Each structure stands twice: as C-alpha cells, then as structure tokens.
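The values are calculated or read from the model by the stated rules, or taken from the named source; none is laboratory data. Values in this document were obtained by computation on a predicted structure and should not be read as measured data. FYI the Cβ positions are ideal-geometry reconstructions off the backbone, even for glycines, and counts take in every protein chain you see.
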Amino acid sequence: MSSVYESLVEIVGGEHVSTQAEELYIYSFDLGTTEPHRPDYAVAPRTTEEIQEILRLANREKVPVAPLGGGLSLAGLALPLKGGISLDLKRMDTILEVNEKSRYVVVECGVSQGQLTSYLERHHPTLMHSEPGAPPMATIAGNMAIHGQGDLAHPYGFNSDMVNGLEVVLPTGEVCRFGSCSVSTQWYTNHPLPDVGLFLGWAGTTGIITRVSMKLFPHKSIVGAGQFVVKDENLIPEIIHKITHTEMVHDLVAYSQAIPPFSSGLHHLTINLSADSEKELAFKMELIFDDTLGHYIRSGDGGYLGFNRGLQRPQVSKTSDWRKGGGFEYVGSIMPVETYPDCYRRGREISEKHGIPYTVLGRVIGMSHAMMFSWTYAFNRADPETMDQAREALHETDDLVLELDGAIWKPGTYGQKLVMERMDPNTLNLMKKVKQLLDPNGIMNPGNWEVS
Amino acid sequence: MTLAEYKYADTIHRCFRCGYCKFPVNWMDVNNCPAYARFRMETYSCGGRLWLTKAWLSNEIDWSEHLAQILYSCTACKNCEEKCPLRFNVDIFNMIQAARAEMVERGLVPAAVKEFLENVQRHGNPYGNAREGRGEWSQETGIEQYQGQDYLYYVGCVGSYDTRAQQTARTLGKVLLRSGVSFGVLGSEENCDGNEVNALGEETLFEMLAEENVRKFKDLGVTNIVTLSPHSYNAFKNDYAKYDGSFPVLHYTQLLRDLITDGKLDVSGGMNARVTYHDPCFLGRWNGEYDAPRQVLSAIPGIELVEMEKNRESTLCCGGGGGNFYTDFLGGSENSPARIRVREAATTGASVLAVACPNCMTMLEDAVKAEGLEDKLVVKDVSEIVGEVCGIG
Amino acid sequence: MDIIACIKRIPDTSEADTIKIDPSQMSIEKGSLVFKINDWDEYALETAVQLKERTGGSLIAVTVGPKEWDDVLRRALAMGADRAIRVDQDMVAADCHSVAIVLAALTRSLPYDLVLCGAQSEDFGCGQLGVMVAEMLGVPHAALVVGLQEEEGKVRVDRELEAGILESYTIELPALLTIQTGINRPRYISLGGIKRAMKKELQVMSPGELGLTAEMLAPQVKLERLEFPPRGKEAVLIPGTPEESAEHLASILQSAGIF
Amino acid sequence: MPEILVVVEHRKQRVADISLQMLSKGRQLTDEAGVGLLAVVIGGGAGTYAEELAGWADGVLAVEDPELAGPLAEPSQKILSAIIKERKPLLVLMGHSSFGMDLAPALSVELGVPLVTDCTGVSL
C-alpha cells in the first residue's frame, strides 16, 4: 500500500496527502446522516495535471477516487463509499476569467460560492450568478455537478442549465473539454458542438470536473425580497403561476416550517425583485403585490409582510442548530409546481411521525416549469436516536417523491436505488455502458449509480 | 477525563462544519482561518478541529502528535467566532482551549508547547532567557523603574527579549517620556502576563502568574497599566479580575490617541507615507478596539492611510497568536498566514505596514523578508511611526 | 514490575553566558540560576512511567541531595512516580563513585526489578553513575538504551552505538539500564499536576540510616579546579553592509597571508 | 616493568578511531615517563590487529575468542580485570565510547580503581 502513498506524495507533495488517523476520520464524514466511510488517503491536488496523474495511479492500483468540493451535498455523494482516495478539490480555487460582454465566468472546481459572489460584488457589480442556499463553502462546480439551483432558478433554471463549458479529467486520466472552449479560446457557450453532457448529475462517477464556465446575469443596483403569506397550501400553485407570468421576479420560494410556532401551517412566499431605479422597483412592486396578489389580500386569504432591501446571505446552517445538535439533512426533489399541497401535507405527516419539526421549501425553476421541493430533518449529532429518526424520515421521503410521480434531486445511494428500480431499462442500460466506457476499472466514486 | 466531564460537552457536537469560519466578512476567500489557510486540509479548519476534539474526548480517535499539532495550530484569532452563524460561536475558542487544558493535564502536548511552558515556569518567558536580562532593553533610554508613577508601562516577553521588538519597546518608552507621561517599568522584575500560557491551556500556571503579578502590582501601588502588547492588554483587561486584579488598563495606541487629542503629543511634524494598518486579533476581534491605532495614524499630517480588503473584523491573523510566534506550527510555506498577509499589504501600494503588536511585528517582518518585499514594504509599529514624526530615534 | 528511577537536579543553563564560576573555583555561582531535572533523567522517568502504566507495579523516584532538591522529586511524582525518596546529602562536588555507593545502598533497601538512570548528566557529564550502581548491586546492566520492551522476567533492550548501529540484548531481571535521550518524548509536567502530587509521599533519609559513614563516602577522585576552557580558535562576526563586510574579510585574509 | 595499558576497540575488521587516539596518547605518556605501553585487544579476529598495534605499543595482548564477535562489555570485563590484576598497570586508557561507557564504570568498581571520563588532557 505504501507505494501508492509514496506516489501520491510525489504527485502533490507531502503536505497535501495524508494517511493519518485524523484526516481519515474527518474525511470519512458527510455533514448529514450518511454513515461514515473511511478513505485510505486524503489528497488535496492543486492542478489539473496532478489530478490526471492521480487518476492514472488509481487506475493502475485499482484505488477508488471520490472527488470532494464543499462536501455539503448532505447525501453522502462525496464520501469515499469504497475507501480509497478522498480527493479534496478546494485548493483549486482560482477565478480564471470574467467576461463582462458575454456575461460568463470561468472558475476552477474549488472556487466557492461565497468567493465568487464576493468577487463579482467587488469587481463586476453589474453581474451576478445564481447562488444556491447552501453555505458559502459549497463549490460552484460541485453544485453544478448535482444539478443544483440558485437564486436565479426562476427565471433561468438549474445552475447546470447555465453551463457554458467544462474541462473534465476522465477516469482514465485524459483531459477533455466540452463546449466552445474545446475549439476556441472563448468559454461563452456549451452548444452547438455534439453534446457530450456526461458529467452532470452523475455524482462524479464519470470523471472529475476541473474547470467550469458558467453564465452570469445582469445584477441591478436595487435588490430586495417581498414576503407574502397564505394559510391555504392549495393556493400556492396558482399564486406561483400568476407571479411567474409577470416575468418580473428573480427567485421565488415558497416555504413552511414548524418553527417558530406561530408560523407553523402558514405558507410564506419570498419574492425577490431587483431594479435599477426606484421607478422600476415601484412598478414591479405594484404589478406583483397589487395587481397580481391584491385580491388574495382583500379576500383575507393572504397577507403582505413587507419588502426589505438588500439580500441577507442565506443562513441555512442555522437549521442545524434547531435541536442543538449540529446537524440536518434534507431530501431534495424536482416536482411539478402543482404538487406543492401534497408535498407539504404528506411531508408534514412524515416529520411529525418522527418527532421532527417539519421544514419544507419549494423553489420555482424556470417559468413554473418545475420546482425544487425539499423536506428538511434536523437531528442532534450527539443523540444517535434522533439521527436514526431523521434517516428513516429521509428514506420515507425518498419513497414519497416517487409515489408523487416526481424525481429525487441529488439522491444518496438509497434514493439512487429507488430511481434505478423505476428507470426505463434501456436508459439504465445505457448508463451502465457509459460508465463502463469511461471508467473501465470502476475507480470513479464507486458505490454511486451502480447499475446492477 | 471523558467527554461528559468536558466543560463544553453539550456544545462541542453542535458544529455543523459548514465552513463559514474560513471566510472574512466580505467572503473574498477561505484564507481567514490561519491554520486552514496554511494547510488547506479539513482537519485544520475550525470545524475540523472541533470535530476532532469531540472524537478524541469520546475516544473515537486516540491522542497523537498530529492531533496535538492540529489542536495547537489554532492561533486564537477568533475569525471563527466572528463568522459562525450559530449561537455557540462565542465559545468556539473556549472549547479549543478547554481541550488543550486536557492535553496539558495529561502532559501530552507538542514538544514546542512543552518547551514554551517549561521556559515560562522556570524563566518567566517562553524563550528561556535569564530573568536578569528582562530589563536590558531599556538601558540608556531614561526610562525609570516603577515606584508608584501614574502608569505602569508593561512590556511583555516579546517586547523584552526579541531584538526587533525591543526597539519598539524603547521607542514607545521615549515617546511617552517626550509626552510627559509619568510612568515606570518593572524591568527584570517583570514576569510573563500569561495570556499565551492561558491560550495554550496551562490554566494552573496562568493562575500562578496572574496571582503573582496582581500581588506585585498591588505591593507597588500600581493604579493604571499601559501595555505594549495587545496580548498583555487582553489578559489584564479580561482575565485578571477573577484574581482580584481589575486594574484600569490601556493598550498604548489608546494612550497615544488621548495624548495627541489632549495636545500632549505633538505629531504636527508629519510624515509623507502611504500606510496600511494590520489589526492585531487580541486588540480587534478580542477587544473591539479598531479605531485608536487608526486615529493615531490619521492624526499625523502627510500619512495616507489605505485599508487592506481584510481589515477590522476581517483581519487576517499574522499567525503569531496562541503561542505560535514561538511554536511556529504555521511557518515554513508561502501559505503561512504572515506571508499571505504581507502579499495583501503590498497590493495596497502602501510602503509602510503599520502594526500595533510585537508578535505581529516579528511575524510580519520575517514574512516581508521571506517574500523578498524588503524594498517595497517596511513593517513599523505605530509607536515607531509616531517616534519618527517626533524625531525620536 | 517494580521500578526505581534515579534523578539529578541540575541548573537550566540554556542561555550559557549567564554561568559564572564562584571565587572558590570549586562550583558555579548558584545565585539567580534556575534548576530542573537532568534531561537524561527525564527520559529515564518517562520510560519508567510508561513501563509502570503498561505493567502495573510501583515506581519510586530517588535522588541524593540537599533539601532544595525536593522540587525535582515533586516533578517526578507529578509525572507518575508513586513515591519519592531523597537521601539528604549534598554531593554536588562528590565523585560518581561516592554517589553510586549511596544509591546502591538505598536500592538494596527497596523492592525493585529494574533500576533506570539517565546515561549522563548535563552538568558534569561523567556517564559513570548507573553502571557503577549496577556493579555494586551485582545486577546485569546496559548503558545508552534507546529501546525497551518488557517480557516475562526480562527486558529486551536496544543500545545505541556509534554510526547509528543498534545492538539488541535480552537481560534477566533484576537489572539496571542507563537511558539515552530520544528513547521517547517526556510528557509535560503541568503546574496542576505538581500541585496534585503534593499529596504523594516524599521520604527523606540520612546516609546513616543506610549504614553509610563519612569514610565510606570519601571520594576516589577529587575536584581540583573549575575553569572556562581557554579561548580556542577565534570566531569573528563581521558587521556592516555586504560591501563593508566583504572588504573587511578581504583584509583579514590578506593579513593571514592567504592571498 | 610498569606500563600503561590501552584497551583497543575494533568493529567491522577495523581498529576504532578512539583507540588510535588512546594509543597515541599512551605512547606520548610512556615516552615521557619511560614506561612500557601494552595494547590489549579482545574478541573474534583479535590476532589480526597485532601487527598494526605493534606500530604503537611495546607489547600486544590479543585475546582471541571466536564467540566474542563484537565488543561485549560483560565478558570483556572478566578478561580485562584478570589482565589488570595480573599486570597491575599504572594507568588504563579506554575510549569513552558506547562500549567504554558500558564497561569502564563497572571495571572501576570491581577493581576499586578510580575512574575519570571524558578526558581532554592526561599527564602523569
């Protein structure tokens, strides 16, 4: 075994590879409820070339490699399920290029959400990217790889829809480029070349993304969020439909949670607006809160809770402290917007059955084309019983998603099995062939999307 | 001791390891936890360190040299407490310190920490230098021994023994003399203030140092203290009260600011220089004093004060806190925090990097040399800048 | 396994220039010096404590010296010794042979399987004491031990020879070993630990209680004089900027007839 | 004839440097005092050094013993104490090496002969 270690030291340098108990302990944990899986090596490369050498070594020695970004997928997707190398990519954190005219950014795979948001605010104030609600440590590429969504999901869709190009190291060590960057020096579009979209949603089982080009969008000087609340969950789909019809809104989220108690059973809508002038803002406000939502207010079905300027950075980590337990995990799904009422009701039942304060959230994707719906289960890391409760609730929720005819977003191994059981057999078989083609020795993040 | 007896048993597991603690306030990079910036492995991040502490205390992992080094690589800079969105953030360093106290009691500390603490036990300073030599820095400066003057000018170990920091101690003494301040020093009678000893977890040794110092100060009739180092300032201000030693204490930049506003210190001579100021953690994040040093610098005509992007609550620690100026667990790389910091200082176009702490002075000056920036950037203590303006050599 | 660890108190002279030889030229000025456990003995103590932690049994720390030597025994107790004994006799100027006689007499009066001493002391550096005590006790010994593994009734020992060669032995107990630095990493002795160890027993004995008379302790080797070694080759620190020091160096080399 | 005895160490078919220093010091002392210099070498192959040592010492005593591959303190002590009791040398010189430190103190106690170590200067 030591020969692999010595080779790794040669590739990345002694300080960036460890087989010591402390590193193996920390890199065996996901932040959610997934059981720990211990790597044999923790490795932190700095360049694409180092990753190539690591993957060639892994192929020679049949050592599994699990790529790791921020490690915040909360579904164990970056855990070394079969041991081997936990490949921490966060040292590759250079923002390579921002192109104002074509509105795109090229980043290394370790660039974090917080870092990019800050960079754009300081250097390109008229541009923004679709920042997910995950903690700022989450990486751009990692979020891309799981079909993540951010605060521009409505109106512009999944973050993975915003890919302009990828640089990927294949499991066998070659570097490939997809999109315009494969033929030109410009990373401005993913199309029109033959689409070889084999690296998003695969949970890192088909290669390691080392560079990403991503679309950026106009960032207006005034940003803020309006709050609207309704009692009846059945109204949510139609309200979303009407709001999205105005095409005036950035990011539209409906959520409901048991804490604080007064809000339990209520459904809040966070409506992000942005404008470059007070006039534009006033016009949008009137269009949304008077013309579109006015009659809900007058009929007593809904309430307007005001509009506050400036977007507060997402503090989702606070959820991890609800039970003073330093932990939560959620099932994400991609559902039709009209299933919101069932998702809420059935989800609330599961939470209450397991004694967990319910938290559900629906983020609109595109023009109400779909929504990411999540059920969050907090637990107390020091109390295994609550972790078991949360784990059971998560699995039951995975089942619920399929029962409601939806699709699980970034499923862990349990959810993957459910999805594969229902997936079209030919599609499943194609997935198998693709993986065998790209990863003959089965070293790329094994344990994920294992087609039996 | 088992996890149950650990003072923060009900808090240590609440860390979600979400990584906020690695960022400065403006989120620009993940280098603001100095140990993580140096090693870029999750074990060295604040979250990693808390998880490892819990794992060790609940016997999931054994003690090892590597674990001790990880625990002691934290420089007590409190960036994590500034950034963590969770309610237990006020206790983060306390949790690390309590784990260190457990390692101290079991005798299982890194060799460099053992040396540091033994030298303080025997010689009253971490360098192991003889006590008689502690007052030599003040020879031929006209600074007097303390006998009841208005202020006790407390210098601290680094200022007393480190050759570069001694110059700062001398200059400040002369500036105070020039301003007509009535003060005296303890010279070879001065003992370690214990701030780093406390941070390293040797609680009983800190208690002894504090009690001895309080008794000595009271015997000498000390009324006010002014410190050269924010580390001493922190100990006297926050930790000596429980040993019945609540003396009014000022960091010297606070005194200089008052002297200037009261007209007792004339800085009108001015100095033409573009200066950037580095907030020391024990003055800024620990004690909320961000303005006094800046007010002193801004009072000097001709000084153009430019801010680094990481300033005030977002300052990037020089890597010298928590005993690291001696144990140097974060040294030896271009990612050593001090070297990252001087590179940032250079990008402001400033020719002078102003500091207000002897630890920062030694760490950042070495970093300027290591980065080959001597011709572009010089490290000066705020007192030295004031000294130059007043024509004090 | 019952273990006896012999320790010595010596000045902490990490900053060499503070040492002054007193007018009698028979010892150094104690004045402001600070004292500690002899480095080698600290490694021996750590070896003893680890052995006791592994095998159970008792560990007694012993020394020969005046009242102020109690502080090193307190530290030994804090490190893990069960009890401590001091033979009240100031033998700083005595030769190793006389000290060995005292230690051998004391050891004979105690239950022991293994006696551990430091290989030498930082002050006089004779490196004789342990092996002399072994000979007096008539037990097998090994000097400069860098590795130790206990077995049933015996110990496996590694000795460090020149050029990094290791020699391994198995020695029947009871035995005496002198310990070389680097065998382990001595633990830190916290002030809290020392305070807690105050409760442990520290027994003081006189040489008489061990049946020793002044004549028996008469030294075979007498200390005549202590002095600093004569200034050997001169090392000169050439000050100034690179240009100045280069010039200065050139002139020195020329005057030395090298050019 | 009174004499100075030098205990010669050898390892890997070579006389140890420290022993050469002892021999040259012994030679200097014996010339000054007009006494004999005896080199004693013990262990397997001891005889092979006789010629080399003869260049220094007036006499060489090689104690050949195949079992004694390397210089072992305990058996060497028995042999040396017998030689010293018989020849009663004025002075015994030995290297302060890992071998010397293991042997000399024991020999000194057994023979009741005073011992000084780490010497940088010797004169009769």
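When you scan region A:169-251 for strands (runs of 3 or more DSSP E) that lie fully inside it, which ones turn up with 2 or more residues that are of a type in the set (A, V, I, L, M) and farther than 30 Å from A:V434 by Cα? Don't jump to the end; show me each part of the working.
Numbers: elements: A:175-179, A:208-215, A:222-230.
Per the criteria, A:222-230.
C:G31 meets each of the listed conditions (1) under 30 Å from C:E151 (Cβ atoms); (2) within 14 Å of chain B (Cβ to nearest Cβ); (3) modelled with pLDDT under 95 apart from (1). Looking at the structure I just gave you, is B:A35 more than 9 Å from chain A (Cβ to nearest Cβ) and either assigned to a helix (DSSP H, G or I) or touching a Cys at 6+ places or on another chain (Cβ under 7 Å) (or both)? Against the criterion (more than 9 Å from chain A (Cβ to nearest Cβ) and either assigned to a helix (DSSP H, G or I) or touching a Cys at 6+ places or on another chain (Cβ under 7 Å) (or both)), B:A35 qualifies.
From the list B:N198, B:N129, the one residue that fits, being closer than 23 Å to B:C318 by Cβ, part of a loop (DSSP other than H, G, I, E, B) and in contact with a Phe, Trp or Tyr (Cβ under 6 Å, 6 or more places away or on another chain), is B:N129.
With the structure loaded, tell me whether D:P105 is facing chain C (nearest Cβ under 9 Å) and farther than 24 Å from C:E162 by Cβ or whether it fails that test. Give the steps one after another, and end with the answer.
Details: facing chain C (nearest Cβ under 9 Å): yes; farther than 24 Å from C:E162 by Cβ: no.
Criteria not met by D:P105.
Would you call A:I297 aliphatic (A, V, I, L, M), touching a residue at least 12 places away in the same chain (Cβ under 8 Å) and either part of a loop (DSSP other than H, G, I, E, B) or farther than 28 Å from A:M137 by Cβ (or both)? Answer is no for this residue. Candidates in region B:229-275 are the residues that are assigned to a helix (DSSP H, G or I) and of a type in the set (V, I, T); of these, the one that is surrounded by the fewest Cβ atoms within 10 Å (Cβ to Cβ) is B:T261. B:N191 meets all of the listed conditions (1) surrounded by 19 or more Cβ atoms within 10 Å (Cβ to Cβ); (2) assigned to a helix (DSSP H, G or I) but one, namely (2).
Among what's in region C:1-55 and is in contact with an Asp or Glu (Cβ under 7 Å, 6 or more places away or on another chain) and polar (S, T, N, Q), pick the residue that is surrounded by the most Cβ atoms within 10 Å (Cβ to Cβ). This residue is C:N38.
Taken over region A:81-110, the residue count meeting the criterion of being within 13 Å of chain B (Cβ to nearest Cβ) and part of a loop (DSSP other than H, G, I, E, B) is 7. Here B:F23 fulfils each of the conditions (1) farther than 22 Å from B:V104 by Cβ; (2) surrounded by fewer than 24 Cβ atoms within 10 Å (Cβ to Cβ) apart from (2).
Each row is one residue, and each column tells you yes or no for (1) within 12 Å of the chain's Cα centre (by Cα); (2) within 14 Å of chain C (Cβ to nearest Cβ); (3) in contact (Cβ under 8 Å) with a residue 12 or more places away in the chain; (4) farther than 27 Å from C:I165 by Cβ.
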residue: D:Q21; (1), (2), (3), (4): yes, yes, yes, no
residue: D:A33; (1), (2), (3), (4): no, no, yes, yes
residue: D:L38; (1), (2), (3), (4): yes, no, yes, yes
residue: D:T48; (1), (2), (3), (4): no, no, yes, no
residue: D:I79; (1), (2), (3), (4): yes, no, yes, no
residue: D:K85; (1), (2), (3), (4): no, no, yes, yes
residue: D:L93; (1), (2), (3), (4): yes, no, yes, no
residue: D:F99; (1), (2), (3), (4): yes, yes, yes, no
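Assess whether A:G355 counts as being of a type in the set (G, A, S), free of Cβ contacts under 8 Å to residues at least 40 places away in the same chain and farther than 22 Å from A:F228 by Cα. Steps first, please.
Details: of a type in the set (G, A, S): yes; free of Cβ contacts under 8 Å to residues at least 40 places away in the same chain: yes; farther than 22 Å from A:F228 by Cα: yes.
In short, yes.
Just to be sure I understand, how many residues within region A:357-377 are surrounded by fewer than 23 Cβ atoms within 10 Å (Cβ to Cβ) and either farther than 21 Å from A:N143 by Cβ or within 14 Å of another protein chain (Cβ to nearest Cβ) (or both)? The total comes to 4.
B:W63 falls short on exactly one of the conditions (1) in a helix (DSSP H, G or I); (2) in contact (Cβ under 8 Å) with a residue 40 or more places away in the chain; (3) more than 7 Å from chain A (Cβ to nearest Cβ), and that condition is (1). Screening B:Q69 with (1) surrounded by fewer than 24 Cβ atoms within 10 Å (Cβ to Cβ); (2) closer than 18 Å to B:F93 by Cβ; (3) touching a strand residue (DSSP E or B) at 6+ places or on another chain (Cβ under 9 Å) gives one miss only, at (3).
Scanning region A:111-154 for residues that are touching a Gly at 6+ places or on another chain (Cβ under 7 Å), in a helix (DSSP H, G or I) and under 21 Å from A:K220 (Cβ atoms) yields a total of 1.
Applying a threshold of 7 Å to beta carbon distances and a minimum spacing of six or more residues, or different chains, the list of pairs starting in region B:165-190 at a residue that is within 22 Å of B:G391 (Cβ to Cβ) and assigned by TED's automatic domain parsing to the domain that holds B:Q147 and ending at one that is surrounded by 18 or more Cβ atoms within 10 Å (Cβ to Cβ) and among the acidic types (D, E) reads B:T168/B:D381; B:T168/B:E384; B:T171/B:E384. Between C:L177, C:L129, the distinction of being farther than 20 Å from C:G80 by Cβ and either away from chain B (no Cβ under 14 Å) or buried (at least 17 other Cβ atoms within 10 Å of the Cβ) (or both) belongs to C:L129 only.
Number of residues in region A:255-287 that are within 14 Å of A:L305 (Cα to Cα) and assigned to a strand (DSSP E or B) equals 6. Of the set (1) within 14 Å of chain B (Cβ to nearest Cβ); (2) under 22 Å from the mean Cα position of the chain (by Cα), all apply to C:L161 but (1).
Per-residue answers, yes or no, for (1) touching a Phe, Trp or Tyr at 6+ places or on another chain (Cβ under 9 Å); (2) within 24 Å of D:S123 (Cβ to Cβ):
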site: D:E64; (1), (2): no, no
site: D:L72; (1), (2): yes, no
site: D:P75; (1), (2): no, no
site: D:R87; (1), (2): no, yes
site: D:L91; (1), (2): no, yes
site: D:M94; (1), (2): no, yes
site: D:S97; (1), (2): no, yes
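Restricting B:G148, B:G135 to residues that are in a loop (DSSP other than H, G, I, E, B), in contact with a Gly (Cβ under 7 Å, 6 or more places away or on another chain) and either touching a residue at least 40 places away in the same chain (Cβ under 8 Å) or of a type in the set (D, E) (or both) narrows the list to B:G148. Close contacts from region A:261-284, counting a first residue that is on the phi > 0 side of the Ramachandran plot and a second that is part of a helix (DSSP H, G or I), with Cβ to Cβ under 9 Å and a gap of 6+ residues or different chains, come to A:G265/A:R348.
The set of residues in region A:203-255 that are of a type in the set (F, W, Y) and over 17 Å from A:A153 (Cα atoms) contains only A:F228.
In the set A:T205, A:T139, which member is closer than 30 Å to A:S320 by Cα, within 14 Å of chain B (Cβ to nearest Cβ) and polar (S, T, N, Q)?
On the way: A:T205 fails: within 14 Å of chain B (Cβ to nearest Cβ).
The unique qualifying residue is A:T139.
Restricting region D:114-124 to residues that are facing another protein chain (nearest Cβ under 8 Å) and in contact (Cβ under 8 Å) with a residue 12 or more places away in the chain leaves a set whose member that is surrounded by the most Cβ atoms within 10 Å (Cβ to Cβ) is D:T117. Within region B:38-52, the residues that satisfy the criterion of being in a helix (DSSP H, G or I) and within 11 Å of chain A (Cβ to nearest Cβ) are B:R38, B:F39, B:E42, B:T43, B:Y44, B:G47, B:G48, B:R49, B:L50, B:W51, B:L52.
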